[in-house]
Amino acid sequence: MSKHRCYIQGSAAISAQPTFDGDFFSAPLTTTSANNLVAMEPDYKAFIPPNSLRRMSRMLKMGLTTALKAVQNSGQPSPDVIITGTGKGSLSDTEKFIRDIEAYKESALNPTPFIQSTYNSVNGLIALQQKSTGYNNTFVHRGFSFENALLDSLLQLAEGNVQRTLTGAFEEMTAEHFYIKSRIGFWKEATIGNAALFEHNTPGSISGEGSTFFLLGNDKTPHAEAVITGMKMLYKPSAEALNKALPQFLQKHDIQPGDIDLVITGRNGDINTDHYYRVLFSAHCPHTPEVPFKQLCGEHDTAGAFAVWLAAQILKRRALPAILQPYVSHLPKTFRRVLIYNHFIGEQHTFFLLERV
Amino acid sequence: MEALKLKLKEQIIEALNLQDTKPEDIDDNAPLFGEGLGLDSIDSLELMVLLERQYGIKVEDPREGRKILASVQSMAEFIQSKQPA
């Protein structure tokens, strides 16, 4: 991406932590004794009429509510376009529909789970609520789903075709999907919980879910939280390519490693893939405070969206949440610039650069 | 007939997830769509599925469906007419 400055005019996040309506900055870590972090769901009735709510599945309620809260928090009018990313969409609807196909021999299938199992159903609901008839797209690219949604938004804003984009990501975990992923080694064999995520030198991580939305625009608005100044995606980079990519990324944005106040990484306790973070930052930013974020939200395809939300809140508050302070030996002197590095199972790697408003 | 209507109301509440609605809140002759329960076109498809799954009745003609799904009374009469004597 170029040096275009994209303002996060408002945001909202539903996660396993009290990020939606709690005091996230002073709250203790919400823990799980299992290997999956479950999102804390708010009271949806404040956002969605009861007659609409009754039909919506969990993922739709989470996605729509987060989107509406992000717009509300921005204090801005409805977005011109709606762009989201999801790795799996509404899994519970997909599973119900597939189960019914088998149970009822491909006949007498309920329309609701089918409609809601499509990836873009959250976008459709948001558009109906916001009376938005503009561009509406959902990217489904595993660990690059949110990143492509954000890229699309940044490009549209940079071209000046739109004033505001509603950009977000949503993901849910089900028991069936957790089991499937456990069979291919996604999760730790021992049950460890999120509080001890980095204490076990073993393969795998813990699962997560959540929904994160941003109202993005070219203008600095009264409630603007942070500025997204850069993003770089790398697919299955070699060690050499990755090692070159970070200094090139920083150089492109005219900054030195010393200009970064805080690094947020997607470390997830998996010994097979956490070395990417260690190698890269010991080589290029050895003295910059670094905090991981997946002990808060768990591993999932669109966890990068949570990292961007976290960085924006840190820059807005100019403070580090209490639950992240134990990870740094010293607090950053200032909170002007945050670098995020996240990868999904060592395949999809992304750098995000955010600055304070 | 009364037992069938009560059962049907319970099934409608469950199938459509009509929270805070009890069988006694549904008038036998009140319209299910528009006024009354305020159901919509997706609900009508859900009710078609209900008839097929619970009573083994498939409504082939959509115009016929409009009349059948008008109220709990009309649904119950239709089910009864399809059941063996």
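Observations on the structure shown:
- Residues losing 50 Å² or more accessible surface upon assembly, segment A:36-57, compared with the chain by itself, 1.4 Å: A:R54, A:R55
- Computed over protein heavy atoms with a 1.4 Å probe, the carbon and sulfur contribution to the accessible area of the protein assembly as shown reaches 51%.
- For the protein assembly as shown, the share of DSSP beta bridges that are antiparallel, to the nearest 5, is 60%.
- Protein heavy-atom accessible surface, 1.4 Å probe, per residue over segment A:6-217: 40 Å².
- Label-to-label distance for A:Q248 and A:E95 is 4.1 nm, based on points extended 7 Å past Cα in the beta-carbon direction.
- Excluding ligands, DNA and RNA, the accessible surface per residue across segment A:227-355 is 37 Å² with a 1.4 Å probe.
- For the chain pair A and B, buried accessible area totals roughly 1200 Å², probe 1.4 Å, rounded to the nearest 100.
- Residues in segment A:9-21 carry Karplus couplings, in order, of 7, x, 7, 7, 9, 10, 8, 6, 10, x, 8, 7, 9 Hz; the curve used is 6.51 cos²θ - 1.76 cosθ + 1.60 with θ = phi - 60°, and Gly or Pro positions show x.
- Placed amide H near A:T30: partners under 5 Å, 5+ positions off or other chain: none
- Derived scalar couplings ³J(HN,Hα) [segment A:256-265; Karplus, 6.51 cos²θ - 1.76 cosθ + 1.60; whole Hz; x for Gly, Pro]: 9, x, x, 7, 8, 8, 8, 10, 10, 10
- Neighbourhood charge, 12 Å Cβ-Cβ cut-off, centred on B:P23 and excluding it, Lys, Arg +1 and Asp, Glu -1: -3
- The calculated FRET efficiency for A:S329 paired with A:R278, based on their beta-carbon distance and R0 = 22 Å, is about 0.90.
- Here's how it looks for A:L262: its modeled amide H is under 5 Å from those of A:R337, A:L339, which are all 5 or more places away or on a different chain.
- Amide proton proximity set for A:G298, modelled H, under 5 Å, gap of 5+: none
- Here the protein assembly as shown is assigned +1 on the Cβ of each Lys and Arg and -1 on the Cβ of each Asp and Glu. Its dipole about the Cα centre then comes out at about 1240 debye.
- Proximal lysines to A:K188, defined as alpha-carbon separation beneath 20 angstrom and excluding residues fewer than eight positions away on the same chain: A:K294
- Links that overshoot a 19 Å alpha carbon limit, given the list A:K3/A:K252; A:K96/B:K58; A:K61/B:K22; A:K96/B:K9: A:K96/B:K58; A:K61/B:K22; A:K96/B:K9
The values are calculated or read from the model by the stated rules, or taken from the named source; none is laboratory data. Computed from a predicted structure; not experimentally measured. As a convention, Cβ positions derive from the backbone with ideal geometry for all residues, glycine included, and neighbour counts pool all protein chains shown. Each accessible area value is taken on the protein alone, full model and side chains, heavy atoms only, with ligands, DNA and RNA left out. Shrake-Rupley method; radii C 1.70, N 1.55, O 1.52, S 1.80 Å.
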